[in-house]
1. Taking the alpha-carbon set of segment 7-52, what are its Rg and Dmax in Å?
2. Net charge around GLU269, counting only other residues with Cβ within less than 12 Å of its Cβ (Lys, Arg = +1; Asp, Glu = -1)?
3. Could you give me the percent of Cα pairs per 5 Å distance bin for segment 51-139, shortest bin first, beginning at zero and ending with the bin that holds the maximum distance?
4. I want to make sure I understand the PRE zone here: with the label point 7 angstrom from the Cα of LYS61 toward its beta carbon, which residues in segment 103-121 have backbone N atoms less than 18 Å away?
5. Specify, per residue and in Å³, the volume enclosed by the convex hull of the alpha carbon atoms belonging to segment 198-271.
6. Go ahead and run the numbers for FRET between ASP204 and ARG145, Cβ-Cβ distance against an R0 of 22 Å, rounding to 0.05.
7. Can you return the lysines within cross-link range of LYS2? Criterion is Cα-Cα under 19 Å, with same-chain partners fewer than 8 residues away left out.
8. Give the aspartates and glutamates whose C-alpha is closer than 14 Å to that of LYS188, dropping any in the same chain fewer than 8 places away, or say none.
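Nothing in this text is a laboratory measurement; each read-out follows from the coordinates by a stated rule. As the structure is a prediction and not an experimental result, all values here were calculated from the model. Counting neighbours? That spans all protein chains shown, and the Cβs are built from the backbone with ideal geometry, glycine included.
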Amino acid sequence: MKAIAYTLARAADLNAVITQLQEDEFYKVIAGGQSLGAMLNLRLAQPGRLVDLDGIDTLRKAEVIADELLLGAMTTHAEIEDGQVPDVTFGMLAHVARGIAYRAVRNRGTLGGSLCHADPAADWVTAMVALGAQCDTTGPEGTRRIPAAQFMTSAFEPDLQPAEILARIHIPAFSPSARWSYRKHCRKVGEFAMAIVAGVLDPDRGVERLVFGALDGTPHLVERDGLFRELADPRTRAAFLASADLPLPATSRAWHADLLARVLADIGEIQ
């Protein structure tokens, strides 16, 4: 099966993108195309117009301003993996990027495209919540800043209004005392995860955050003072994992439990 006929539009800047998106309500935006390409061929996506972001340089910009990293939405996984963008996370960004699919996918796939596709099992969907990132969108009504924890509203549904696109991502810099861990379970290297647990402990910034990913919907964020020390106790951890407040699918609960123990060990809370 091949894609239906559609009009391909290439824009030179963000204003042109927004104008083109307003001209056809049956549009799709293509970034790296690693997910959308397959959806087009399977006719799961049937746009009247495909708007290509590849030529917009501002969406590839990466810079550190004050205490945060700003990444354009068109930054590729490979650029993050290879250290072509600044790292303010002591290697967490590169670690996550390195585990995404295969090198051919990472060469073209983008950070913004992954977040907007909003697959619950995608790495950046969970990692950006763990990092406390925020997303800047641009559309006909101007710009919005949305916490990454709220950007994905449900499976495959980002918080984007009509003719609005994700422009860049703000990632807070770790302090010197920060520790992190990112663990996932896959049946084989390169495929989507069946369970993800990410943790960030940054005492100097007052951050103590766990995120459970590859769920049926949005990642589940847990953050509070003393969280890691509390979960170092096996009985407390077992009760936490069995809680109705933690929406773990029955099929992945054991995997998430194992990954949580590994994350706590990585961060140094359990031996």
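1. For segment 7-52, the Cα radius of gyration and maximum Cα-Cα distance read 10.5, 31 Å.
2. Working: positive: ARG179, ARG229, ARG237, ARG262; negative: GLU208, GLU230, ASP233, ASP266.
Counting the neighbours of GLU269, the net charge comes to 0.
3. 3, 13, 26, 30, 19, 8, 1, 0
4. The answer is 111-112, whose backbone nitrogens lie closer than 18 Å to the label point.
5. Values: hull volume 6.3 nm³, N = 74.
With only Cα atoms used, segment 198-271 gives 85 Å³ per residue.
6. Numbers: r = 24 Å, r/R0 = 1.08.
The formula returns an efficiency of 0.40 here.
7. LYS28
8. Within the straight-line limit of under 14 Å, LYS188 reaches no aspartates and glutamates at all.
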